[in-house]
Amino acid sequence: QVQVVESGGGLVQAGGSLILSCAASGRTFTPYKMGWFRQAPGKEREFVAVINWSGGRTSYADSVKGRFTISRDNAKITVYLQMSSLKPEDTAVYYCAAARNYYFEPNRMDYWGKGTLVTVSS
């Protein structure tokens with residue numbers, strides 16, 4: 001059984017920075033990719049960023065490009081999301097997710113965390 005656990009959410013002022021962490025645990029589990037999604041109040045969940053585990057290739061939503069950076073620690077099976085120049089519209093519950101394999105659907109994931117709340121005040 002694979003578990004995905006996020007940490008690092010909180011309250012931050014607009015223009016500030018925050019780092020989210022996410023650890024995946026499970027016997028002999030090595031993800032194909034891990035990523036971050038978010039869901040703002042009253043909105044659907046949306047893609048934020050993803051990183052391929054073997055080569056480290058990254059992809060970002062246009063809304064966060066240049067402000068957010070996703071990275072990984074292979075040994076710890078942990079992914080990070082460094083967020084800077086935060087805006088009130090970044091306020092959301094941030095979910096971490098992991099995929100076992102390649103999927104044609106870019107946002108398809110196998111394991112999801114419970115989410116961590118990020119609130120950006122104006």
Only one of G56, G16 is in a loop (DSSP other than H, G, I, E, B), under 21 Å from F104 (Cα atoms) and over 14 Å from the mean Cα position of the chain (by Cα). Can you tell me which?
G56
Residues within region 25-54 that are within 21 Å of S121 (Cα to Cα), basic (K, R) and touching a Phe, Trp or Tyr at 6+ places or on another chain (Cβ under 9 Å), tallied:
2
Pick from region 19-44, criterion more than 18 Å from K76 (Cβ to Cβ) and surrounded by fewer than 17 Cβ atoms within 10 Å (Cβ to Cβ), ranking: nearest to the chain's Cα centre (by Cα)
Q39
In the set E6, E46, the lone residue that is under 12 Å from D90 (Cα atoms) and either modelled with pLDDT of 95 or more or touching a Leu at 6+ places or on another chain (Cβ under 6 Å) (or both) is E46
If you check every pair at least six apart or on different chains, which have Cβ atoms under 6 Å apart with a residue in region 2-15 that is hydrophobic (A, V, I, L, M, F, W, C) first and a residue that is assigned to a loop (DSSP other than H, G, I, E, B) and at pLDDT below 95 second?
V2/G26; V2/F29; A14/S122
Scan region 59-80 residue by residue and report those that are under 18 Å from G8 (Cα atoms) and over 14 Å from the mean Cα position of the chain (by Cα).
K76
Test for P41: is it in contact with a strand residue (DSSP E or B) (Cβ under 9 Å, 6 or more places away or on another chain), farther than 22 Å from D110 by Cα and part of a loop (DSSP other than H, G, I, E, B)
yes
Mind listing whichever residues of region 96-113 are of a type outside the set (D, E, K, R) and over 22 Å from G66 (Cβ atoms)?
A97, A98, A99, N101, Y102, Y103, F104, M109, Y111, W112, G113
Within region 68-113, track down each residue that is at pLDDT below 95 and open to solvent by 60 Å² or more (accessible area, probe 1.4 Å).
N74, A75, K76, R100, N101, Y102, F104, E105, P106, N107, R108
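The values are calculated or read from the model by the stated rules, or taken from the named source; none is laboratory data. From a predicted model like this one, the values you see are computed outputs, not experimental measurements. A quick note on method: Cβ atoms are made from the backbone with ideal geometry, for glycine too, and the neighbour counts reach across all protein chains shown. Heavy atoms of the whole protein, side chains included, go into the accessibility calculation; ligands, DNA and RNA do not. Shrake-Rupley method; radii C 1.70, N 1.55, O 1.52, S 1.80 Å.
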